[in-house]
Amino acid sequence: MFDSQSESIGESTYYLQRGDSMQIPPQTWITRLQIWKKTRNERHQLLRKYAQPSISASTTATNLSEYQSNTTLFKNRMATLQENLRLSQPEIEPLNAKEKETAIQLSIDKEEPTKSTWESLSGMQKLRRTSRQLVTALVVAWMSMVIGYTSAYTSPADFSLRRDFKIGENEMSWVGGLLPLGAVLGGLLGGPSIENIGRKSTLLLSDVFFLVALAVNYFARDYYYLYISRALVGVGVGFASLTFPVYLGETIQPEVRGTLGLLPTTLGNIGILLCFLLGNLLEWRELAGIAMLLTIPFLVIFVWIIPETPRYYVSKDKLEQCRQSLEWLRGKKQDITKEFDELVRSQKEQALKNEGIKDLFTKANMRPLLICLSLMFFQQFSGINAVIFYTTTIFRGSGSTLPPLLCTTIVGVVNMLSTFIANALIDRLGRKILLYISSGSMAVCLGSLGLYYYVKDIMKLDVTQFGFVPLASLIVFALGFSLGFGPIPWLMMGEILPAKIRGPAASLATAFNWTSTFVITKTFPIMIATLGFCVTFWFYGVMVVLAGIFTVIFVPETRGRSLEDIEKLLSGQKTRRMSSVANLKPLPSTF
């Protein structure tokens, strides 16, 4: 039944697969049958254990047919699925592309926010954004330092001028009084100048006036040279004092316009103090020579750094130069499109109005003009120039135990330092708050000073133990003035006057200011002689109280507002207060 050789081989293979080392049992037929059955069973177990994907030899034709039908069905299903994918591909691709764009946009928005508010910026970011505006303000403030120095010139040079030119009280009064009179003329001419030749060119022209005037002073042979020199200095002061607020108001963004706009006042007080300090060491000719040297940097270097204002360019329809000036001032990384479009739109609206000098007194323009003139009036009728020019006389008549020259120097230092405080506060507290503080502090000081002189001169009482009152009162008076009514009227002149009449209106306001200065300076000695110190100081105290009331009722708050919004506000239009930087969107990087 079985071939003996094959059986023997199969049996041996079985035991070898099992790894048995035992000998092969005797090959009887019973034993062989048992071995065959066992081998067949174990092979079936191996099949069940490993489940190899093969077709058994015992598979029937029916099973093969069923397997083939299942395979065909699977292939048909796969073909249908591929067909569906092919048909849906045009719809899936746009969805995938849209998802990719959304992911990219979300990534960009996460890395670069589209909007950044001024308050969210760090101090270093604010400095970087306004660095060029700071340079511009410092260049303009350098001219203000020249003004402060030349304005204070006659005080330290008084003794040497009287000695060398043999001049008396009358001639010396004209040497001092010709400056404000010349400033009236310069203020009247400055308005047409900034409109016709530009703000920057007007600053250059005023520096030329200073240089010529100081050269005449340096080579003076008699007091007529001094008359010509002081008159020319006054014209330059009128040009510059009108141009400073207009130029800075049109170039500096609202968030820092207050701080940077006060830099001319700060450096002007530094110029005054510098002249006083050098006056202790030098005489009139050397003082004039140093003033000449101070004018040269602006003439040779500084004037070529700063640009003309964007508003002047747009008023002359020079749009490309306007854009370039705006880009320089704001920085190339800032988007100036909105600000540029607002300038162009505002200019078109102003052109349609066709306003001129005759329109200064129209109903729409009267409100900002009267506010500006009133602030100038209260600034001078606070008595500041009378107090500063006659500080030594005041201390000499007060009976104070401190030397008058030392008291004068202390007041000058406080006057200078207080402007730094104003720089730090004006864009935080606002214009009106500082005007309130200014008027209140000056009223208290002038009232106290008047009371001191009333007790001393009218009641004839001993005030030796209160000898500190004049110095303390004048220190606080100078501090209060420099915080508010000193710089803010000039700053607001560049903010509240409408663009179309800004030139002639600023010219009128500047001339009015210097006329008031001349009146106060000339009338103070007369008031002292006829009314006495107490009534004179009380009169100035009443003026600053009225100034505070006027501020509460009529003066608008301009902190953080663009010039266009301020103009709309004063004309009665509703505006929304918005930071000019809040909508600045960083330009995409070119790298």
Potential extension, THR362-ASN280 segment - 0.36 nm per residue separation minus Cα distance:
24.3 nm
Here, ASP164 and ASP335, labelled 7 Å along Cα→Cβ, have an inter-label distance in nm of 6.2 nm
Could you please state how large a percent of the accessible area of region 445-569 is carbon and sulfur, counting protein chains only and using a 1.4 Å probe?
75 percent
Can you quote the Å³ per residue value for the convex hull of the Cα atoms in region 201-257, rounded to an integer?
64 Å³
Run the simple label-point estimate for ARG345 and VAL413 please: 7 Å along Cα→C-beta, distance reported in nm.
5.3 nm
Could you provide, to the nearest whole Å², the per residue accessible area of region 271-348 with probe 1.4 Å?
51 Å²
Rounded, prolate or oblate (a/c below 1.5 giving rounded, otherwise prolate when a/b exceeds b/c) for region 502-550 by Cα gyration tensor:
oblate
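The values are calculated or read from the model by the stated rules, or taken from the named source; none is laboratory data. Note that the structure is a prediction, hence the values are computed from the model and not measured. Neighbour counts are summed over all protein chains in view; Cβ atoms, including those assigned to glycine, are modelled from backbone coordinates with ideal geometry. When the accessible area is computed, the model is the full protein with side chains, heavy atoms only, and any ligands, DNA or RNA have been set aside. Shrake-Rupley method; radii C 1.70, N 1.55, O 1.52, S 1.80 Å.
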